[in-house]
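One structure is given below, encoded as structure tokens.
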Amino acid sequence: MSATPPDFGATSRRARAGDIMLHYNEAGEGPVLVMLHGGGPGASSWSNFKQNLSGLSQHFWVLLVDQPGYGGSDKPEASEPFWTYSARAVKNLLESSASKRRTSSATRSGAAPP
């Protein structure tokens with residue numbers, strides 16, 4: 001039996017990641033698995049990885065992140081090397097998303113948020 005194909009709208013999110021907004025798609029539960037697209041014209045994590053989302057989300061909390069300057073993420077003028085800037089933005093996103101996920105999980109179970 002094959003997994004249900006992912007829906008862009010149902011998995012699409014935007015979150016503050018330091019000084020910018022990043023777009024990502026998320027699905028699943030479990031250990032986090034971050035997937036980052038390449039740097040070609042028109043690149044986005046959805047276009048690169050949507051075919052993997054259903055299967056991977058059965059085992060992981062999958063985040064398909066559009067790096068700064070790509071897809072639905074902000075397109076800032078970075079004053080440092082791209083990979084340094086992007087790594088910090090993804091780190092900030094993970095810290096923000098993880099805290100929301102913990103709060104959301106606790107609230108669903110009826111416990112007070114941490």
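Considering only DSSP beta bridges where both residues belong to the range 10-108, give the percentage that are antiparallel (nearest 5).
Working: 10 of 15 bridges.
Taking every DSSP beta bridge with both residues in the range 10-108, the antiparallel ones total about 65 percent.
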Distance in nm between residue 32 and residue 75 label points, each 7 Å along Cα→Cβ, equals 2.7
A chain fully extended from residue 10 to residue 94 at 0.36 nm per residue, minus the present Cα-Cα distance, gains in nm 28.3 nm
Relative contact order in percent for the range 10-108 (Cα pairs under 8 Å, 6+ apart) equals 32
Between residue 82 and residue 19, the two model label points (7 Å from Cα along the beta-carbon direction) sit apart by a distance in nm of 1.9
Computed ³J(HN,Hα) along the range 80-95: with the Karplus parameters 6.51/-1.76/1.60, θ = phi - 60°, integer Hz and x for glycine or proline, the list is 8, x, 3, 5, 5, 4, 5, 4, 5, 4, 5, 4, 4, 4, 4, 5
Long-range amide H partners of residue 32, meaning residues 5 or more apart or on another chain whose placed amide H is closer than 5 Å, are 61
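No lab work stands behind these numbers, since they all come straight from the coordinates. Computed from a predicted model, the values in this text were never measured in an experiment. Because the Cβ atoms are built from the backbone with ideal geometry, glycine has one as well, and the counts that use them run over all protein chains shown.
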